[in-house]
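The values are calculated or read from the model by the stated rules, or taken from the named source; none is laboratory data. Worth saying up front: this structure is predicted, and the values here are computed from it rather than measured. Neighbour counts run over all protein chains shown; Cβ positions are idealised from the backbone, glycine included. Accessible surface areas use protein heavy atoms only, side chains included; no ligands, DNA or RNA. Shrake-Rupley method; radii C 1.70, N 1.55, O 1.52, S 1.80 Å.
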Number of protein chains: 2
Amino acid sequence: MEKERFFKGLRAVFNPSSVAVVGASEKPAKLGFHVMKSLTRGGYEGAIIPINPSSTEVMGIKAYPSLTEYPGTPDMAIIVVPAAHVASVLAECGKKSVKGVVLITAGFKEIDDPSGALLQKEVALLADSLSIPVIGPNTFGIVNLHARLNASFTPEFSLVRAGGVTLVSQSGGISHLLGFLAMKQGIGMAKIIGLGNRLNVDFADLLPFLAEDEETGAIALYIEGLDNPRPLLEEAKKLLGRKPVVAYKSGAGTRGDAASRSHTGSLAGRGEIYDGALHQACIVTVKSPQALLDAARVLASCPGLKMNTVAILTGQAGPGMAASDVCETEGMKIAVFSTQTQEKINALLPPLAMRTNPVDMGPAWYDARAIEGIVRAALDDEAVGGALILMMFASANRDVLPRIKDFFLEWKQKKPVITCFSAPEGIWDEDIRILEEAGAIVNFPTPERAASAMSVLGRYKTLTLMPFWGTTKDENHSHPSQPLG
Amino acid sequence: MEKERFFKGLRAVFNPSSVAVVGASEKPAKLGFHVMKSLTRGGYEGAIIPINPSSTEVMGIKAYPSLTEYPGTPDMAIIVVPAAHVASVLAECGKKSVKGVVLITAGFKEIDDPSGALLQKEVALLADSLSIPVIGPNTFGIVNLHARLNASFTPEFSLVRAGGVTLVSQSGGISHLLGFLAMKQGIGMAKIIGLGNRLNVDFADLLPFLAEDEETGAIALYIEGLDNPRPLLEEAKKLLGRKPVVAYKSGAGTRGDAASRSHTGSLAGRGEIYDGALHQACIVTVKSPQALLDAARVLASCPGLKMNTVAILTGQAGPGMAASDVCETEGMKIAVFSTQTQEKINALLPPLAMRTNPVDMGPAWYDARAIEGIVRAALDDEAVGGALILMMFASANRDVLPRIKDFFLEWKQKKPVITCFSAPEGIWDEDIRILEEAGAIVNFPTPERAASAMSVLGRYKTLTLMPFWGTTKDENHSHPSQPLG
């Protein structure tokens, strides 16, 4: 498919002026009911056109018996009819000049019966001949939180806060898991994209599109297995310096591998081989779903690290040590302060032991000025790439909060500032929200997740410094990464 | 100190009929204010006796100028006066036959000035001569949630739900972190104990006491460094088969090590050496604060594994693969179903690929009977030690919930059932709470944490099967673990 046409189709999928729902229903047992609920209740402001041969109205909206009978041209169509009808609906989309399709229907390549794969091939040929990008089949759909477009069968996705993380996922389960986690953890997402069986839209096709998407700050990929990883690797490499990409590839274990092979019908491959290839393509890798969300979040919300070194400034020694453990395990260097910085810090703390990095600010517990001074000294140090600030707040030490807050609002992440400010409900939730929304900090509930997120920034920095063969001349053809398919 | 006297003192610390607060205050800048707030607002029903030379009343409770002038005998005393006064207050405790003390005051061994260590030695000698166990100094205090006793400077600890996890911690920061996490995650705790500078109550002293404590289901240790680890290791070994112990030792990295050495004034030692010694003492080890809480939670809430094998039953393939990855990495075996079990499962699922363990129950999404049948078949299989059940619920599939719920309530963890049931707020929170409180499941927000918790049960099972040298005759003297101090 010609690239400009394809992108135009994707733009229609994610920012449609009108959406047809082919298979819209008022029966809660039908997915077409849930899709209509998602669209109508999610705040989408474009036109919604329910298509159902036996209803004149769905959820109070005028319905049409078929796409052909609708007088206008829907920008995008969501298809939820049984698999056997999909080809004819797609043909109608072609006639109606629908630009893009989200195909939710299951019963294609993923089923045991070979007719499923055959049907998918047929529909793919049709979609390509009509130049229509089709997300799916066998997907929950897609969500664009900035457009308040919930084109999925899960109305609750609309509750996720709009932000910078775009998830492209090979699993509906993982998409739901991460969507629910984002919801509960207040993490902002741009788009949630369920690839399904990847009819003609795959990871590699979405990367250049998302590279140009202003709402996407970082791209998170959940990968189970790829028939041919090369296009993804090549496209990812082109994003270097433009937009960070992070991936969690499941199935690292042998059983997981076998499971993946059968589930997706594609080759999973050993975890380490994948990791190596993804790193060559400048994709940061992580080892769990929550880590994928956390990594994409900091990559979307923090400035890049200038160097791979961290200052660990902690209100209590224990959390600082826990963070230090993780940084060292995950390849992040603990910064060595300049003499000048160390002297400034020494002047603000009693001659207790833990004044070098990590710095235990505990002895200055009641002294907001001292804490601010220490944080400022560390952040000003040229040897410090970013700062991890860890403080547990309860009644007894909440008085230092306002000054710390003002400092971070003013400093505003000139270098990455990742925090674990932990407090019982009502002590500091609101202030943390304000600091996060101002882009002054990225806060995590545990020191280990904060440290792990900082280490992701470090690994991304390292990847961007790696020399690549064949990047100087013809990078599309001389890319050396091993074939994994 | 004689053991019976010592235990009597600890019982008074954790279940006092009356508590004196020496240094009680109405000034919010004083820790004595926060301690009084913790005691009075936490629901403690025994007598509270504020001691303050310049007040006749603190927070509406009659105060006495000194312990001596109080006519009765307080069971336990919390001391928050400046370090210089501690010895004389402790002497008064002796005269008054106070059984146990929580010494919150800082300024002892932890300060740079050698006078601090000297003072601590002096106070320790005094406490020992008076046969009074003293928790601290330099601690936030202790909390016994079942007695509604909050003997700490953090009133918010009273918000933690009463349950089975007892934390013994060398860091106030980690105690606060884990207390706040328990609060937010609805995890039940029995006791939260801040060891502080370990005047005469150390890890080793608390283990036999907690072994007999009916409210403690599992013991979580946060360790920074130990002068002499042998007593802890020997006491822990005696708990084998009686009460599970799990530890997070921070400072595994070199910098963390150095930090720990200076912070606690004791030798930290390389992570692997510690791990080995702890394992020999049947202590499960974990690598982060959240993992410590999670591990203690499942050890307190699940029956033991009969064998180290797990069935992974998942509503969506992706989360099952993520769980499988973690199980394999953390030493948990994926069970091989018996032919009979596999046939039962095959009969309930279409001939899709992922029917062996992990089992993708997705194709039976709307069929609660099939899902129940699969779960039952797997749990009935003698080759299955425990089950991980992972399901993401949203509007479209919430109908299967009631039947699944009834099944788990009836089955009630005859084998460990650890779940990741994830849903947007309002979809299933209340049911999960009911299932957890009935002891039918232990639920985690991510598949990786659920799988990691199951792996902890597996590692505990493995430790209990390990042969130990010298356990047959004189286990106190022939214990071979290397000295770490």
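For segment A:407-433, the tally of residues that are open to solvent by 20 Å² or more (accessible area, probe 1.4 Å) and within 14 Å of another protein chain (Cβ to nearest Cβ) stands at 4. Checking each residue in segment B:307-332 for being more than 21 Å from B:Ile374 (Cβ to Cβ) and either small (Gly, Ala, Ser) or over 22 Å from the mean Cα position of the chain (by Cα) (or both) picks out B:Asn308, B:Asp325, B:Val326, B:Glu328, B:Thr329, B:Gly331.
Based on this model, can you work out whether A:Ala383 counts as part of a loop (DSSP other than H, G, I, E, B) and either more than 9 Å from chain B (Cβ to nearest Cβ) or open to solvent by 40 Å² or more (accessible area, probe 1.4 Å) (or both)? Answer is yes for this residue.
Counting only residues that are over 21 Å from B:Pro445 (Cβ atoms) and either under 16 Å from the mean Cα position of the chain (by Cα) or in the same structural domain as A:Phe209 (by TED's automatic domain parsing) (or both), segment A:146-186 holds 6 of them. Scanning segment A:386-406 for any residue that is more than 24 Å from A:Ala438 (Cα to Cα) and away from chain B (no Cβ under 14 Å) turns up nothing. Evaluation of A:Leu313 against the conditions (1) in a helix (DSSP H, G or I); (2) more than 7 Å from chain B (Cβ to nearest Cβ) shows that the sole unmet condition is (1). For segment A:237-251, the candidate set comprises residues that are of a type in the set (A, V, I, L, M, F, W, C) and surrounded by fewer than 24 Cβ atoms within 10 Å (Cβ to Cβ); within that set, the residue that is modelled with the lowest pLDDT is A:Leu240. May I ask you to verify whether A:Lys333 is among the basic types (Lys, Arg), within 14 Å of chain B (Cβ to nearest Cβ) and either in contact (Cβ under 8 Å) with a residue 24 or more places away in the chain or surrounded by 24 or more Cβ atoms within 10 Å (Cβ to Cβ) (or both)? Spelling it out, A:Lys333 is indeed among the basic types (Lys, Arg), within 14 Å of chain B (Cβ to nearest Cβ) and either in contact (Cβ under 8 Å) with a residue 24 or more places away in the chain or surrounded by 24 or more Cβ atoms within 10 Å (Cβ to Cβ) (or both). So the check is Cβ under 7 Å with 6+ separation or different chains; which pairs have a first residue in segment B:98-119 that's under 20 Å from B:Ser152 (Cβ atoms) and a second one that's hydroxyl-bearing (Ser, Thr, Tyr)? Final answer for the pair search is B:Ile104/B:Thr139. Within segment B:20-42, if we keep just the residues that are part of a loop (DSSP other than H, G, I, E, B) and away from chain A (no Cβ under 13 Å), the residue that is farthest from B:Val81 (Cα to Cα) turns out to be B:Glu26. Looking across segment A:69-127, the residues that are part of a helix (DSSP H, G or I) and surrounded by 21 or more Cβ atoms within 10 Å (Cβ to Cβ) come down to A:Val86, A:Val89, A:Leu90, A:Cys93, A:Gln120, A:Val123, A:Ala127. The single condition among (1) β-branched (Val, Ile, Thr); (2) touching a helix residue (DSSP H, G or I) at 6+ places or on another chain (Cβ under 7 Å); (3) surrounded by fewer than 19 Cβ atoms within 10 Å (Cβ to Cβ) that B:Val375 does not satisfy is (3).
The one condition from (1) outside any loop (DSSP other than H, G, I, E, B); (2) within 19 Å of A:Ala322 (Cβ to Cβ); (3) modelled with pLDDT under 90 that A:Ala353 does not meet is (1). In segment A:52-65, the residues that are under 14 Å from A:Gly32 (Cβ atoms) reach residues that are among the acidic types (Asp, Glu) and not in a strand (DSSP E or B) with C-beta atoms within less than 6 angstrom, at least six apart or across chains, in these pairs: A:Val58/A:Glu26. Given the structure, is B:Ile49 crowded, with 19+ Cβ neighbours inside 10 Å and in contact (Cβ under 8 Å) with a residue 60 or more places away in the chain? In short, no.
The combined condition, being outside the structural domain of A:Leu90 (by TED's automatic domain parsing) and either touching a Pro at 6+ places or on another chain (Cβ under 7 Å) or not aromatic (Phe, Trp, Tyr) (or both), is not fulfilled by A:Gly116. On the stretch given as segment B:434-456, residues that are in a helix (DSSP H, G or I) and open to solvent by less than 10 Å² (accessible area, probe 1.4 Å) total 8. Flag not set for A:Ala220, criterion: outside the structural domain of A:Phe108 (by TED's automatic domain parsing), open to solvent by less than 20 Å² (accessible area, probe 1.4 Å) and over 18 Å from A:Leu240 (Cα atoms).
Of the residues in segment B:100-120, none is at pLDDT 95 or above and charged (D, E, K, R). Residue count for segment A:394-426 satisfying the condition of being touching a residue at least 24 places away in the same chain (Cβ under 8 Å), farther than 26 Å from A:Asp381 by Cα and assigned to a helix (DSSP H, G or I): 4.
Take B:Ser169 and decide whether it is at pLDDT 95 or above, surrounded by fewer than 20 Cβ atoms within 10 Å (Cβ to Cβ) and small (Gly, Ala, Ser). No. Checked against the criterion of being without any contact (Cβ under 8 Å) to a residue 60 or more places away in the chain, within 12 Å of another protein chain (Cβ to nearest Cβ) and of a type in the set (D, E, K, R), segment A:292-305 contains not a single residue that satisfies it.
The set of residues in segment A:348-380 being away from chain B (no Cβ under 14 Å) and without any contact (Cβ under 8 Å) to a residue 24 or more places away in the chain consists of A:Ala370 alone.
Can you find a residue in segment A:136-143 that is touching a Pro at 6+ places or on another chain (Cβ under 8 Å) and not acidic (Asp, Glu)? No.
If the condition is being surrounded by fewer than 24 Cβ atoms within 10 Å (Cβ to Cβ) and away from every other protein chain (no Cβ under 14 Å), then segment A:128-162 contributes A:Asp128, A:Ser129, A:Leu130, A:Ser131, A:His146, A:Ala147, A:Arg148, A:Ala162. Looking at the structure I just gave you, is A:Asp474 closer than 29 Å to B:Ser158 by Cα, modelled with pLDDT under 95 and either surrounded by fewer than 19 Cβ atoms within 10 Å (Cβ to Cβ) or not assigned by TED's automatic domain parsing to the domain that holds A:Ala396 (or both)? The answer is no for A:Asp474.
Among the conditions (1) within 30 Å of A:Gly179 (Cα to Cα); (2) at pLDDT 95 or above; (3) in a helix (DSSP H, G or I), the only one that B:Pro363 does not satisfy is (2).
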